[in-house]
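This report refers to the structure that appears directly beneath it.
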Amino acid sequence: MSQETLPIPSATLMLVHGSQDDFEVLMVERNVEIEFAGGAFVFPGGKIAEADKELAQNGEVISAKIAAIRETFEETGILLAINSLGEPIFENHKADMELRLEIEKNPARFTDFLAEQNYTLLTENLTTYAIWVTPKQYKRRFATWFFIAQVPQKFEPIIDGKEAVSAQWLRPQQALDDNKNGNKIMMFPTICNLKMLDKYRDFVQIKIAAGSRETPIIDPIPQFIDGKWEIEIDPKYGYEIE
């Protein structure tokens, strides 16, 4: 019997702006050369690094939030932080590719950068929606925190060109249509969360829905039924599966 692979702790951020018909989420296209989900359109994110844990003083949720903010900065240049005067600096370092690549290679550089600039991360702006665990059948598994945060306007991303090869703000239904038409590759959790975003199309309503239940740990079990793979998820988690 083969030993079950333990999931790697990771985090992703659904960064949104607007509401209703103007409601959009930031998505990135992963480099095809990346081993996991290469070529897929996803929300910015990645593994929780030891440096994230140290910065959070080992708080599990805070560590995941720091990782989500760090990865979003690495991939898109958008940084959820404020300066010593309490002013947002969302785009201040967007074009500093040297810094972003340094952080990508060594996440501890992010901690140093924040201290040098006297910046404070806006971790309190991130709302936890769910934790998704890769099914046990897979050799490469992740336990991914899905956070959502709102920004006041559509900040234009600048991609890192390594992990992400493109980035764009999309209406959730537009992204879903692109996936259905074969124009964008997406993983099952991404599709489910896009459907959730399209259901509410309002950050406040999503935040209320997330706060109305304990953060679910979703560990789906794929089943091969009538010649195709199907996954069932309890509706109490806030996801609607067709």
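We did not get these values from a lab; they are worked out from the coordinates using the rules stated. Predicted model, so just to flag it, every value in this text is computed and none were measured. Neighbour counts are summed over all protein chains in view; Cβ atoms, including those assigned to glycine, are modelled from backbone coordinates with ideal geometry.
Can you tell me which of 202, 52, 219 moves the most in a GNM of the chain? Springs connect C-alpha atoms under 10 Å apart.
Maximum among the listed residues: 219.
Just how far, in whole angstrom, is the stretch 56-114 from the stretch 3-30 if you go by their alpha carbon centroids?
16 Å
For helix 108-117, report the angle its Cα long axis makes with the longest principal axis of the Cα atoms of the chain; keep it between 0 and 90° and round to the nearest 10°.
The angle comes out at about 40 degrees.
Enumerate the amide H contacts of residue 40 below 5 Å, restricted to partners 5 or more residues apart or on another chain; note that Pro and chain-start residues carry no placed amide H.
For residue 40, the qualifying residues are 30.
If I compute Kirkwood radius over Cα pairs in Å from the structure I just sent, which labelled value in [x] 19.3; [y] 17.6; [z] 18.4 lines up?
The value computed from this structure is option [z].
Leaving out same-chain residues fewer than 8 places away, which lysines sit with a Cα under 20 Å from that of residue 236?
Straight-distance partners of residue 236: 195, 199, 207.
I'd like to know which of 77, 188, 103 lies farthest towards the positive end of the charge dipole of the chain, counting +1 on Cβ of Lys and Arg and -1 on Cβ of Asp and Glu.
Toward the positive end, the furthest listed residue is 188.
Pull up all non-local amide H partners of residue 167: gap of 5 or more, or a different chain, and H-to-H distance under 5 Å with H placed in the peptide plane.
Under 5 Å from the amide H of residue 167 lie the amide H atoms of 29, each far enough along the sequence or on another chain.
Which whole-Hz ³J(HN,Hα) couplings does the stretch 61-66 yield from phi under the Karplus relation 6.51 cos²θ - 1.76 cosθ + 1.60, θ = phi - 60°, glycine and proline marked x?
Each residue of the stretch 61-66 in turn: 5, 5, 4, 5, 5, 4 Hz.
Specify which residue in the list 208, 58, 92 is farthest towards the positive end of the charge dipole of the stretch 8-237, using unit charges on the beta carbon of Lys, Arg (+1) and Asp, Glu (-1), about the Cα centre.
208
Along the charge dipole of the chain, Cβ charges K/R +1 and D/E -1, which of 132, 15, 46 sits furthest on the positive end?
Farthest along the dipole direction, towards plus: 132.
Compute the Cα gyration tensor for the stretch 102-142, then decide on rounded, prolate or oblate, letting a ≥ b ≥ c be the square roots of its eigenvalues: rounded whenever a/c is under 1.5, prolate when a/b is larger than b/c in the other cases, and oblate in all that remain.
oblate
If you place +1 on the Cβ of every Lys and Arg, -1 on the Cβ of every Asp and Glu, and leave all else neutral, what size is the dipole of the chain about its Cα centre, to the nearest 20 Debye?
440 debye
Going down the table (94/136; 139/184; 94/139), which pairs top 32 Å between alpha carbons?
Table pairs above 32 Å Cα-Cα are 94/136; 94/139.
Skipping prolines and chain starts, which residues have an amide H placed within reach, meaning under 5 Å, of the one on residue 150, given they are 5 or more residues away or on another chain?
16
For residue 6 and residue 232, what is the calculated FRET efficiency with R₀ set at 30 Å and r taken between the beta-carbons, to the nearest 0.05? Display every interim value, and only then the final one.
Numbers: r = 24 Å, r/R0 = 0.81.
Working from the Cβ atoms, E equals 0.80.
Between 204, 25, 42, which gets the highest mean-square fluctuation from a Gaussian network model of the chain, Cα cutoff 10 Å?
204
Which of the aspartates and glutamates could a cross-linker bridge to residue 180, judged by Cα under 14 Å and excluding same-chain residues fewer than eight apart?
Qualifying aspartates and glutamates at Cα under 14 Å: 242.
What net charge is computed for the residues neighbouring residue 121, neighbours being all others with C-beta under 10 Å from the C-beta of residue 121, Lys and Arg scored +1, Asp and Glu -1?
With Lys, Arg at +1 and Asp, Glu at -1, the neighbours total +1.
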